[in-house]
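A quick write-up on the structure given underneath.
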Amino acid sequence: MTDLLAPQTVVTQRQARIRHFLMCRPDHFDVTYSINPWMEPEKPTSNELAIAQWEQLHTLLVSLGHHVQTIDPAPGLPDMVFAANGATVVDDKALVARFRHPERDGESQHYVDWFRAQGFTEVRQAEWDNEGEGDYLTTRQGILAGNGFRSDPRSQAEAEALFGRPVIGLSLVDPRFYHLDTALAVLDEDEVMYYPEAFTPESRRLLRTLFPDAVIADEADAVVFGLNAVSDGYNVILPEAATGLAAKLRARGFRTHGVDLSELLKAGGSAKCCTLELRH
Ligand code: ARG
């Protein structure tokens, strides 16, 4: 007879929720400048490989039932593939990025135009440096906002006023994890995974209080960008090299999908960086 109450048979029923994403094909992908420690312009890159890897991610998201729209890539903007940085979209309001580095400045207008053309009525470019979903991640507790390398802490009040949700600042300290989405991923509204060492002691304490049950990543998984993951509440798409993290997620009832985005990692980005969630 099966003992239904055996303690080790705790099964969490996870539920995928259909998402709406915006992506940008890496037609003009290249590493021509260095604005994070991963970018080495002297190393060769392959545009074809970047496109092929990106197509796999796109196909996977569509096959999981998600709606994926694309924005036209613009020549001369090699980082535009990282659509997550283009804006933060909550309740149909788009707060378009203001990039810290002039190299990416030109991307903002493309996003403003795209959102307007799609009929979004509330579209505004951030007043302070704000790198969209690279640093702004929505949870039930509030919008987590990374700072320390890219987004200006002053951009938090602006986001709070526009979205009418609490914004919780988190300070990053390791230059390898310069955006919040390289150090933390939202798995399901109030469940996250993160690499504690990427944060100041104070932010670590805050994360422990907010998410006592979080999945904790180790350095080996963080450096292969395992935290740059996309989750729909059940399916988690993450770099295939993050095997330790994938095992932890499966043990929690998630289904993991490893992807190879090695070409994009040369610019310091992976799965999450390529997908901007359009929250209706
Ligand atoms: N080369 C880009 C930059 O440094 C990579 C952006 C990655 N995007 C992200 N959401 N983390 O800005």
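Assorted remarks:
- For the chain, Kirkwood radius (reciprocal of mean inverse C-alpha pair distance, Å): 18.8
- Cross-link partners of Lys93 among lysines, defined as those whose alpha carbon lies under 30 angstrom from its own and excluding same-chain residues fewer than eight positions apart: Lys272.
- Rounded to whole Hz, the Karplus (6.51, -1.76, 1.60) HN-Hα couplings of the stretch 140-145, x for glycine and proline: 5, 5, x, 8, 7, 10
- Gyration tensor over alpha-carbon atoms, the stretch 165-211, equivalent ellipsoid semi-axes in Å: 16, 12, 10
- The stretch 103-144 shape via C-alpha gyration tensor axes, a/c threshold 1.5: oblate
- Taking a ≥ b ≥ c as the square roots of the eigenvalues of the alpha-carbon gyration tensor, the stretch 205-280 is classed rounded because a/c is under 1.5.
- Kirkwood-Stokes translational diffusion coefficient of the stretch 147-280, alpha-carbon pairs, 25 °C, 0.890 mPa s, µm²/s: 161
- Relative contact order [Cα under 8 Å, 6+ residues apart], the stretch 131-247, whole percent: 22
- Counting only residues at least eight positions apart within a chain, or on another chain, the lysines with an alpha carbon under 25 Å from that of Lys266 are Lys43.
- With an a/c value of 1.5 or above and a/b not larger than b/c for the gyration tensor axes a ≥ b ≥ c computed over the alpha-carbon atoms, the stretch 40-131 is described as oblate.
Rule-based calculations on the coordinates, nothing more; no lab input. Keep in mind it's a predicted model, so treat the numbers as computed, not measured.
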